[in-house]
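Encoded as structure tokens, the structure appears first; notes follow it.
The values are calculated or read from the model by the stated rules, or taken from the named source; none is laboratory data. Remember, it's a predicted structure, so these values are computed and weren't measured experimentally. Just the protein is used for accessible areas: all its heavy atoms, side chains included, with ligands, DNA and RNA removed. Shrake-Rupley method; radii C 1.70, N 1.55, O 1.52, S 1.80 Å.
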Amino acid sequence: MSLLRELIKKYCVRYPNERKAQAIQSFLLMDKNPFSRSNPHGHFTGSAWIVNPDKSKTLMTHHKKIGKWLQLGGHADGEEDLMNVSLREAKEESGLSNFAIVSEEIFDMDIHEVPSIGSEPKHLHYDIRFILEANPDTESVSISDESYDVAWIELDRVHQLNAEESIMRMVNKTRML
């Protein structure tokens with residue numbers, strides 16, 4: 001947990017105006033069980049913002065349960081190394097196996113409410129996002145059972161599929177790389 005604490009601290013210094021980053025830092029420090037789905041307050045998730053080599057496209061999934069186009073990612077399920085979680089989820093949800101880690105630092109963070117789905121009550125995801133790179137010319141994506149679709153989306157078109165603040169923030173950060 002000390003590595004994640006340091007990564008979040010660095011992120012908060014780099015992006016002091018992102019209010020949710022401070023809340024994520026507090027959640028990590030205050031909550032006794034932040035990596036478990038059974039936590040009624042919410043839990044950490046690890047996501048991968050996957051870009052192609054020239055950073056003109058991102059790989060997104062049309063998530064079945066949420067019904068939105070999103071970055072790939074999922075529950076920590078007790079795993080404290082959220083970079084590993086993001087890599088695991090990227091592989092599971094895309095079928096790709098070759099990723100380059102663009103940075104070991106946190107790329108983005110967000111807190112979002114997940115609605116009640118089936119027997120799972122409404123809860124919060126404290127999402128830690130890392131940027132990865134994959135080459136759409138060397139590997140084909142496959143669609144997991146969790147998705148309606150997985151596709152490479154031009155950065156200039158992402159807003160047509162999902163214009164939420166946290167998604168557009170990642171698009172803008174990608175353009176600055």
Task: Whole-Å distance, taken between Cα centres, linking region 126-177 and region 1-59 - done: 17
TODO: Using a Gaussian network model of the chain whose springs link C-alpha atoms within less than 10 Å, name the residue from 116, 38, 142 with the highest mean-square fluctuation.
DONE: 116
- [ ] Keeping all protein chains in place, calculate the accessible area per residue for the chain (probe 1.4 angstrom), answer in Å².
- [x] 51
Open item on the list: Relative contact order of the chain, please, whole-number percent, based on alpha carbon pairs below 8 angstrom and at least 6 residues apart.
Closed with: 26
Task: Solvent-accessible area, 1.4 Å probe, carbon plus sulfur percent, for region 4-61 - done: 53
- [ ] Please tell me which of these pairs span more than 20 angstrom C-alpha to C-alpha: 64/173; 68/122; 32/173; 20/173; 9/55; 65/173?
- [x] 64/173; 32/173; 9/55; 65/173
- [ ] Express the relative contact order of region 29-121 as a whole percentage, based on alpha carbon pairs under 8 Å and six or more residues apart in sequence.
- [x] 23
Open item on the list: Can you tell me the orientation of helix 19-30 relative to the chain, as the angle in degrees between its alpha-carbon axis and the longest Cα principal axis, to the nearest 10?
Closed with: 50
